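The values are calculated or read from the model by the stated rules, or taken from the named source; none is laboratory data. Treat the numbers as computed from the prediction; the structure is a model and nothing was measured. For neighbour counting, all protein chains shown are included, and Cβ atoms are generated from backbone atoms with ideal geometry for every residue, glycine included.
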Amino acid sequence: MALALTRPTCVLTQFFRLITKWRIERRVEDQFKAFIEGFHDLIPADLITVFDERELELLIGGIADIDVDDWKKHTDYRGYTETDEVIVHFWKCVRSWDGEQKSRLLQFTTGTSRIPVNGFKDLQGSDGPRRFTIEKAGEPGQLPKSHTWLVIPSEGSRSLANISRTVSTG
Amino acid sequence: MLISADRREFFFLLSHEMFNPFYCLFEYSAHDNYTLQINPHSGINPEHLNYFKFIGRVVGLAIFHRRFLDAFFIGAFYKMILRKKVVLADMEGVDADFHRNLTWMLYVSTSHVNFTLAHSVSIRENDITDVLDLTFSTEDSRFGETVTIDLKPGGQEMEVTNENKGEYVE
């Protein structure tokens with residue numbers, strides 16, 4: 001979430017830092033230490049840190065075989081319709097991609113490359129079931145964004161080139 | 001020596017067992033219910049740290065042999081493996097409600113409009129202490145029992161205020 005922070009606060013900042021650290025790291029510190037000790041028995045830290053977290057997800061979980069027909073069937077649109085030029089080209093573009101690029105698009109939008117067992121109809125958002133959604137917003141020429149759903153600015157070809165670029169650079 | 005197909009099957013079956021929330025070692029995140037995180041209460045199993053070390057080795061072994069596990073983790077877990085700093089934004093994948101609350105607090109405390117009096121257009125600097133009564137502590141539920149945790153020594157006595165402006169929140 002991008003916030004314009006004009007008046008940041010020190011005490012509050014410290015609180016956020018500590019509560020985040022506690023919720024994510026400190027609560028499972030012992031467990032994680034044991035896990036990483038075992039992990040480093042096989043893979044040294046300096047060899048794994050060449051990857052970023054998205055690459056590591058694909059390295060551990062593999063690249064899923066994504067069914068684009070199922071994906072498209074369970075996609076909602078905001079401001080676009082399925083027959084819009086941008087959307088038609090979007091799906092054409094996605095179909096032409098290899099497994100890794102498709103996985104990366106899914107990661108970019110939903111935060112994980114995992115597909116639910118029963119396919120895209122069961123995709124979950126942060127507030128319950130949430131279908132894959134493409135929204136029209138922003139100025140032409142801006143890069144696509146994602147916050148629970150994909151946001152593509154209008155103006156066809158440039159947007160799609162931007163998706164490709166945004167997704168592949170992570 | 002296992003032949004390749006068996007080996008693949010072996011890692012798949014093993015990952016289903018290791019990460020099965022039934023064993024209390026891992027649990028599904030509150031974000032989407034299909035990404036995994038370490039269960040902070042895994043200590044219910046006295047041998048849990050040995051299991052975590054074993055799981056760390058299996059994950060390392062799978063990467064070493066280029067086999068995939070049927071497991072997807074919260075983004076913060078991958079960052080921890082890569083020794084990257086965990087920030088507030090990573091909380092979204094852990095607990096979306098909690099993340100929403102924190103970002104709301106951040107927004108209120110950094111905005112000029114007083115939301116409690118928004119209808120009367122009272123523009124002044126917000127003080128989070130007007131809105132929330134917070135200390136440097138948090139509550140954790142351990143098998144139904146609520147425990148108060150200090151985020152720093154003596155945290156329960158320290159109030160979270162808007163003092164000492166000047167540092168940015170990541």
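Which of the residues that make up region B:34-54 are surrounded by 20 or more Cβ atoms within 10 Å (Cβ to Cβ), more than 7 Å from chain A (Cβ to nearest Cβ) and assigned to a loop (DSSP other than H, G, I, E, B)?
Within region B:34-54, just B:39 meets the criteria.
How many residues does region B:8-27 hold that are within 10 Å of another protein chain (Cβ to nearest Cβ) and under 21 Å from the mean Cα position of the chain (by Cα)?
So the answer is 2.
Name the residues in region B:55-81 that are within 7 Å of chain A (Cβ to nearest Cβ) and surrounded by fewer than 16 Cβ atoms within 10 Å (Cβ to Cβ), would you?
Matches in region B:55-81: B:64 only.
Among the residues of region A:32-53, are any over 30 Å from residue B:64 (Cα atoms) and free of Cβ contacts under 8 Å to residues at least 12 places away in the same chain?
no
Tally up the residues in region B:55-84 that are in a loop (DSSP other than H, G, I, E, B), without any contact (Cβ under 8 Å) to a residue 12 or more places away in the chain and of a type outside the set (A, V, I, L, M), please. Please lay out each step first, then the result.
Looking only at region B:55-84, we keep the residues that are in a loop (DSSP other than H, G, I, E, B), and these are B:65-72, B:74, B:82-84.
When the remaining residues are screened for being without any contact (Cβ under 8 Å) to a residue 12 or more places away in the chain, the result is B:66, B:82-84.
Filter again for of a type outside the set (A, V, I, L, M), leaving B:66, B:83-84.
Total meeting the criteria: 3.
Can you name the condition, by its number, that residue B:166 falls short on among (1) on the phi > 0 side of the Ramachandran plot; (2) at pLDDT below 80; (3) away from chain A (no Cβ under 12 Å)?
(3)
Helices (runs of 4 or more DSSP H) wholly in region A:6-117 with at least 1 residues that are out of contact with any His (no Cβ under 6 Å at 6 or more places or on another chain), within 14 Å of chain B (Cβ to nearest Cβ) and surrounded by 14 or more Cβ atoms within 10 Å (Cβ to Cβ) - which ones?
It comes to A:10-24, A:29-42, A:45-48, A:53-61, A:99-110.
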